[in-house]
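Peer 1: Pasting in a structure now, in structure tokens, and then I'll have a few things to ask.
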Amino acid sequence: MADTLLNREPIDGTEKLERALSRIRKAQAKFATYTQEQVDRIFLAAASAANKARIPLAKMAVEETGMGVAEDKIIKNHYASEYIYNAYRDVKTCGILEEDSAAGIKKIAEPVGIIAAVIPTTNPTSTAIFKCLLALKTRNGIIVSPHPRAKACTVAAAKIILEAAVAAGAPEGIIDWIDVPSLDMTNLLMREADLILATGGPGMVKAAYSSGKPAVGVGAGNTPAIIDDSADILLAVNSIIHSKTFDNGMICASEQAVIVLDRVYDRVKKEFANRGCYFLNPDETEKVRKTIIVNGALNAKIVGQPAARIAALAGVTVPETTKILIGEVEKVDPSEAFAHEKLSPVLAMYRAKDFGDALDKAERLVEDGGFGHTAAVYLDTVKEREKLDAFAGRMKTCRILVNTPSSHGGIGDLYNFKLAPSLTLGCGSWGGNSVSENVGVKHLINIKTVAERRENMLWFRAPQKVYVKRGCLPVALDELKTVMGKKRAFIVTDKFLFKNGYTKAVTDKLDELGITHATFYEVEPDPTLASAREGAKQMAAFEPDCIIALGGGSPMDAAKIMWVLYEHPEADFMDMAMRFMDIRKRVYQFPPMGRKAAFIAIPTTAGTGSEVTPFAVITDERTGIKYPLADYELMPHMAIVDADLMMHAPKGLTAASGIDALTHSLEAYASMMATDYTDGLALRAIKLIFEYLPRAYEHGANDPVAREKMADAATIAGMAFANAFLGICHSMAHKLGAAFHLPHGIANALLINEVIRYNAAEVPTKMGTFPQYDHPRTLARYAEIADCLNLPGATNEEKLESLIRKIDELKAKLDIKPTIRDYGIDEKEFLDRLDDLVEQAFDDQCTGANPRYPLFSELKQLYLNAYYGAPAAETTRQKGEE
């Protein structure tokens, strides 16, 4: 080892520094391959060597710099080796730091490379020990840049650690240093290193952050210490003396000003005087004031000097044993020399009329030179918790020390064992620093995260109970009394159903059960937020413990909104309507439902599926915009699917609701979130709809089997899309229907073929984003639907065309017109509103699960195709663009 150091090329010029950087990079590349066991062996050897050399290094530092106290520097060196080793001896810094195989996450520690270590003159050997040990523990190379006035002792510390490290197996040259330090050499080092670990004056720290390389630097300290009238005076005064005299006050966390409440001011002053501190009289204060600041900057001659020597420099005579010079001053702004960081046993003392005044003074002192560093307070932590909280809230410092000598307390692990030990104290953004904590090994490693693809947990949710079969209504309603114990029911329906007696089957049963009831029947075909609010108002007056939604999608959707507003009148509709990408991660969390009332859904149409879904569509009557709301809190507790209520549905409603159910199934099957649990439901619903919808449409009540099968198909489709969600056909239909008052099912029918062709693209512009959706595969999914229906086709493309033809045939049987234009929607009005339709459809909640992620231009073309008919759409695209 000795030969290696003898052959080491001194770094005394830029060319030699560049060669040294090249050498250390090679050493560090080798060091980066070391195991944790090898690194820990080196770390132990280096810490032990530094610890053994703590006394000669301390003496060297005092002799070379002429600052500080050798005995205290011994403690610093001891701390920098022993405490740092103890804190990080068992910390993992190599290889895998943590791993969660189930989540597919692995975090691996990697060194940052070469560290440029800028060392201050105030704490040269201890800071060098600290930084070199951190570098070795993290497998980094380090080049030390000493302060010119502390060169020899800093290099000696680095050399001792290097020798011990190499002897323990570290690569030769893993630690190096600049032999002839200069500003140019330091700047070059900072530009070429991978990370700068800077401790020094504000100018040096600023240069580090301006170098263009990542830097961990620390700001200046101007620590205020408040002594409250509840404080233990003996503890407070002696803690401050202990801190302020340590190494003659050169630790940047040491107290620079003490702020004492008026009630205890005289007692505190007496205690300071009795303990060897000297209070300057006004003339002496002025002399020392002029000695602290010279030419607008801290006088380097006082830094780290004993109190008596500083007094002599100012022309003041004090006892040689004086511990601290205390100036009683009033100003807390920069015009007062005592209000600055002094790095010496010189202390400002302020009188505060109350704790609020003390806070004001401390806050100003921090702002004028100690932003982000440290602040201290002495008080009764039991009786004066509010004061402590106020202090912590007001001080913009990263260390708030309580009843603690700040020099020792700030560096950590002495007066609070959870505060990390460090000789580099980050000051956060307040101090212009990149870290806001005590710097440790975690700041000197890169963490490489290996994230394996994982498919997130999915689910299948449905109402607690779903009753089916014709005639099940009265039997199912028995549970309201016998199982659920309900006493007051609020029925939500529409005028048609109410006036035509559809509610009578429900109310008669409720009367039989002795359940009091009220009915709201003002729900519109496109339910509005206004009607939902009115229903909620009546609901609140009635105070039901059970809500019964009777009808098609409109009453059920409106009832769900009323339910929320009844149970949570503070809920904001626009918050509930907020879009989400993943229902589990939504910004707005729906409030828990069912605390006041159970929700019972009784469909009278075969289409919406709302009786088994967590969805509701509501229209803002002020803007005309339809908002699909989705949250599993909106899931009904019970669904009663009794086809007897659907027998006499008019043909138009049968067609619209039936094709809506078909669209639910098709979109659920194509959804990125489709699962085996939803696929079976979707396919079964599709098969039932193609078989029974034409019969239900043609024969109505004369074909009760078809009616019942369609009732089942709609509910089955509802359970499918309740868990797999929908797609852009519904997104576009919501907006088209709201804008031109088309029935929702008809709007879906006009768009579904275009959407199927669009989604079936094998090379889409953009694919949807969902972990289980790994490649465009919707064409194959549509082909599976065709297979289920026994449609012809030798290829997936042929099967797709068969499916589209099958849908066209169904629409023809239901007398659904081919295009939007065929429904009398004016071309100019349509084109004028087209861009708004596109943007609203893009932002619809249903868009997120679509397997193809749509562009605005693509949605626009789909609307144009649906308006004109696909063959004519290309020639009319220009009109839409205009």
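Peer 1: What distance in nm separates the two pseudo spin-label positions at Lys418 and Leu855, each 7 Å out from Cα along the beta-carbon direction?
Peer 2: 5.4
Peer 1: Next up: Please turn the phi angles of region 382-394 into ³J(HN,Hα) values with the Karplus equation 6.51 cos²θ - 1.76 cosθ + 1.60 (θ = phi - 60°), one per residue in order, whole Hz, x for glycine and proline.
Peer 2: Result, rounded to whole Hz: 7, 7, 10, 5, 5, 5, 4, 5, 5, 4, 4, x, 7.
Peer 1: Moving on to the next point. Do the sum for the chain: with -39,500 (n - 2.57) for every DSSP H run of n ≥ 4, divided by all residues, what is the mean residue ellipticity at 222 nm, to the nearest 500 deg cm²/dmol?
Peer 2: -14000 deg cm²/dmol
Peer 1: Turning to a different aspect of this structure: Among DSSP bridges having both ends in region 534-689, what percentage is antiparallel? Round to the nearest 5.
Peer 2: 45
Peer 1: Given (i) 61; (ii) 48; (iii) 53 as candidate values of percent of Cα pairs over 37 Å apart, which corresponds to the one derived from the coordinates?
Peer 2: Computed from these coordinates, percent of Cα pairs over 37 Å apart corresponds to label (i).
Peer 1: Now for a different question. For the cross-link pairs Lys73/Lys244; Lys626/Lys860; Lys766/Lys828; Lys290/Lys331, which exceed 25 Å when the distance is taken from alpha carbon to alpha carbon?
Peer 2: The answer is Lys766/Lys828.
Peer 1: Then there is this: Say the cut-off is 31 Å between C-alpha atoms; which of Lys59/Lys361; Lys30/Lys213; Lys213/Lys396 go over it?
Peer 2: Lys59/Lys361
Peer 1: Ignoring ligands, DNA and RNA, what percent of the 1.4 Å accessible area of region 548-658 is carbon and sulfur? Please report the intermediate quantities before stating the final value.
Peer 2: Working: 1950 of 3460 Å².
On region 548-658, the fraction of accessible area on carbon and sulfur atoms equals 56 percent.
Peer 1: Which FRET efficiency value, to the nearest 0.05, do you get for Ala541 and Arg622 by plugging their Cβ-Cβ distance into 1/(1 + (r/R0)^6) with R0 = 22 Å?
Peer 2: After rounding, the FRET efficiency stands at 0.30.
Peer 1: Oh, and also: How would you order 108-115, 773-780, 154-161 from highest to lowest mean count of nearby Cβ atoms within 10 Å?
Peer 2: Taking the mean over residues of other Cβ atoms within 10 Å, the ranking is 154-161, 108-115, 773-780.
Peer 1: Okay, moving on. What is the spin-label model distance, in nm, from Asp354 to Arg584 if the labels are put 7 Å beyond Cα along the C-beta direction?
Peer 2: 5.3
Peer 1: How many percent of DSSP beta bridges within region 595-657 run antiparallel, rounded to 5? If you can, show how the numbers build up before the last one.
Peer 2: Numbers: 6 of 8 bridges.
Here the share of antiparallel DSSP bridges comes out near 75 percent.
Peer 1: Relative contact order (percent) for the chain, with alpha-carbon contacts under 8 angstrom and 6 or more residues of separation?
Peer 2: Once divided by the residue count of the chain, the mean separation gives 8 percent.
Peer 1: Another question about this same structure. Report, in degrees rounded to the nearest 10, the 0 to 90 angle that the Cα long axis of helix 676-699 makes with the longest principal axis of the chain.
Peer 2: Taking Cα atoms only, the helix is inclined about 30 degrees.
Peer 1: For Asn7 and Lys206 in one chain, what is 0.36 nm times their gap in residues minus the Cα-Cα distance, to one decimal in nm?
Peer 2: 68.1 nm
Peer 1: Any aspartates and glutamates with Cα under 16 Å of the Lys596 Cα? List them, leaving off those in the same chain fewer than 8 positions away.
Peer 2: Here the aspartates and glutamates satisfying the reach criterion relative to Lys596 are Glu543, Asp545, Glu567, Glu570, Glu633.
Peer 1: Follow-up question, since we're still on this one. Roughly how many percent of the accessible protein surface of region 222-368 is carbon and sulfur, given a 1.4 Å probe and a whole-percent answer?
Peer 2: Using a 1.4 Å probe with all protein chains present, region 222-368 comes out at 47 percent carbon and sulfur.
Peer 1: Let me ask something additional. If you average the alpha carbon positions of region 701-733 and of region 240-318, how far apart do those two centres end up, in angstrom?
Peer 2: 84
Peer 1: How much length is gained on full extension from Arg453 to Gln38, taking 0.36 nm per residue of separation minus their Cα-Cα distance? Can you show the working numbers first?
Peer 2: On the way: separation 415, 0.36 × 415 = 149.40 nm, distance 3.33 nm.
Length gained, Arg453 through Gln38: 146.1 nm.
Peer 1: Among the lysines, which have Cα under 20 Å from the Cα of Lys16 when same-chain residues fewer than 8 positions away are ignored?
Peer 2: Lys26, Lys151, Lys159
Peer 1: May I pose another question? First measure r as the distance between the Cβ atoms of Glu809 and His648, then evaluate 1/(1 + (r/R0)^6) with R0 = 25 Å and state the FRET efficiency to the nearest 0.05.
Peer 2: It comes out at approximately 0.45.
Peer 1: Oh, and also: Taking the simple approach of a point 7 Å from Cα along Cα-to-Cβ for both Val705 and Thr14, what is their distance in nm?
Peer 2: About 9.6 nm, to one decimal.
Peer 1: Might you tell me the accessible area per residue for the chain, computed with a 1.4 Å probe and given in Å²?
Peer 2: Numbers: 35400 Å² over 882 residues.
Spelled out: the 1.4 Å probe surface of the chain, per residue, equals 40 Å².
Peer 1: Helix 796-813 against the longest principal axis of the chain: what's the angle in degrees, Cα atoms only, rounded to the nearest 10?
Peer 2: 50
Peer 1: HN-Hα J couplings of region 600-606 from phi, Karplus 6.51/-1.76/1.60, θ = phi - 60°, integer Hz, Gly and Pro as x?
Peer 2: Running phi through 6.51 cos²θ - 1.76 cosθ + 1.60 with θ = phi - 60° gives 10, 10, 10, x, 10, 10, 9 Hz.
Peer 1: In the chain, what percentage of the DSSP-assigned beta bridges are antiparallel, given to the nearest 5?
Peer 2: Details: 22 of 84 bridges.
Counting DSSP beta bridges with both partners in the chain, the antiparallel share is about 25 percent.
Peer 1: On full extension of the chain, what length is gained from Arg275 through Thr795, given 0.36 nm per residue of separation minus the C-alpha to C-alpha distance? Could you put the intermediate results ahead of the total?
Peer 2: On the way: separation 520, 0.36 × 520 = 187.20 nm, distance 9.70 nm.
Extra length available between Arg275 and Thr795 comes to 177.5 nm.
Peer 1: Using the Cα gyration tensor of region 491-573, with a ≥ b ≥ c the square roots of its eigenvalues, what is the shape: rounded (a/c below 1.5), prolate (a/b larger than b/c) or oblate (neither)?
Peer 2: oblate
Peer 1: Rank-order 351-357, 99-105 by packing density, defined as the average count of other C-beta atoms within 10 Å over each peptide's residues, highest first.
Peer 2: Ranking, from highest mean packing down: 351-357, 99-105.
Peer 1: Long-range amide H contacts for Arg852: which residues qualify at under 5 Å (H placed 1.01 Å from N, peptide plane, sequence gap of 5 or more or a different chain)?
Peer 2: For Arg852, the qualifying residues are Gly768.
Peer 1: Further, regarding this structure: FRET efficiency for Arg595 and Glu762, Cβ-Cβ distance as r, R0 = 56 Å, nearest 0.05?
Peer 2: After rounding, the FRET efficiency stands at 0.70.
Peer 1: Turning to a different aspect of this structure: Within 10 Å, count the other beta carbons around each residue, average over each peptide in 764-770, 133-139, and list them highest first. Walk me through the numbers before you get to the answer.
Peer 2: On the way: 764-770: 15.1, 133-139: 27.6.
By packing density, highest mean first, the sequence is 133-139, 764-770.
Peer 1: Next question. For Gly551, list long-range residues whose amide hydrogen, built 1.01 Å from N in the peptide plane, is under 5 Å from its own amide hydrogen.
Peer 2: For Gly551, the qualifying residues are Ile602, Thr604.
The values are calculated or read from the model by the stated rules, or taken from the named source; none is laboratory data. Not measured: the values here are computed from a predicted model. All Cβ positions, even for glycine, are placed from backbone atoms using ideal geometry, and neighbour counts span all protein chains on display. Surface accessibility is based on the protein's heavy atoms, side chains included, excluding ligands, DNA and RNA. Shrake-Rupley method; radii C 1.70, N 1.55, O 1.52, S 1.80 Å.
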